[in-house]
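Bear in mind these aren't lab numbers, they're just calculated from the coordinates by the rules spelled out. If you're wondering where the values come from, they're calculated on a predicted model, not measured in any experiment. As a convention, Cβ positions derive from the backbone with ideal geometry for all residues, glycine included, and neighbour counts pool all protein chains shown.
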Amino acid sequence: MAADSTTAPSGYLEAMRESLGRMEKDLQARATAAHGSARSHRLVGWTSLAVGLASGAVAAWAWVDGSRAYSSYASSAFSSDAETYRSQAASDSMIATVTGGLAALALAGSPLSFLTAPKAAPLELRLQDVDRQIQLLSSLENPR
């Protein structure tokens, strides 16, 4: 039977259905992977934010405590007290520097983690398009 303008050539619809089916499976796998990766990025982002805030709090405490110890060192009348306050001020300064640096790194990394998370929306839109094409093929195969 010859194909007219309203029917597709023999085997064409089956080949298209098979091709779209493979494309749909691939897009579903990629969208699932993107969702998992985005979830991991969000977890890293929130963890980094929490570490940054906690480190910042420790750095602020150490800076305040170190400033207090330095003031006591500067006004100390006895050398033994002065040595104790100087040692505490140096120790607190080191803690404030290290935790302040950690806070800066963690707080800078947090938004980067959120911003670099893969977006699944384009894949989902393409998947919807493939689903529409499959439905269109089904309607061509089984006209009412």
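Points worth noting:
- Helical contribution to [θ] at 222 nm, DSSP H n ≥ 4, -39,500 (n - 2.57), averaged over the chain, rounded to 500: -31000 deg cm²/dmol
- Unit charges on C-beta of K, R, D, E only; dipole of the stretch 44-136, Debye: 220
- Rg followed by Dmax, in Å, when the chain is reduced to its Cα trace: 32.2, 112
- Helix axis angle, 121-141 relative to the chain longest principal axis, alpha carbon, degrees: 10
- A simple rule links phi to the HN-Hα coupling: the Karplus curve 6.51 cos²θ - 1.76 cosθ + 1.60 with θ = phi - 60°, which for the stretch 80-89 gives 5, 5, 4, 5, 5, 5, 5, 5, 5, 5 Hz, with x for Gly and Pro.
- Loop-located trypsin sites (Lys or Arg not before Pro) in the stretch 91-136 (DSSP state not H, G, I, E or B) with no more than 14 neighbouring Cβ atoms inside 10 Å: 119.
- Separation between Cα centres of the stretch 65-144 and the stretch 28-57, rounded to whole Å: 10
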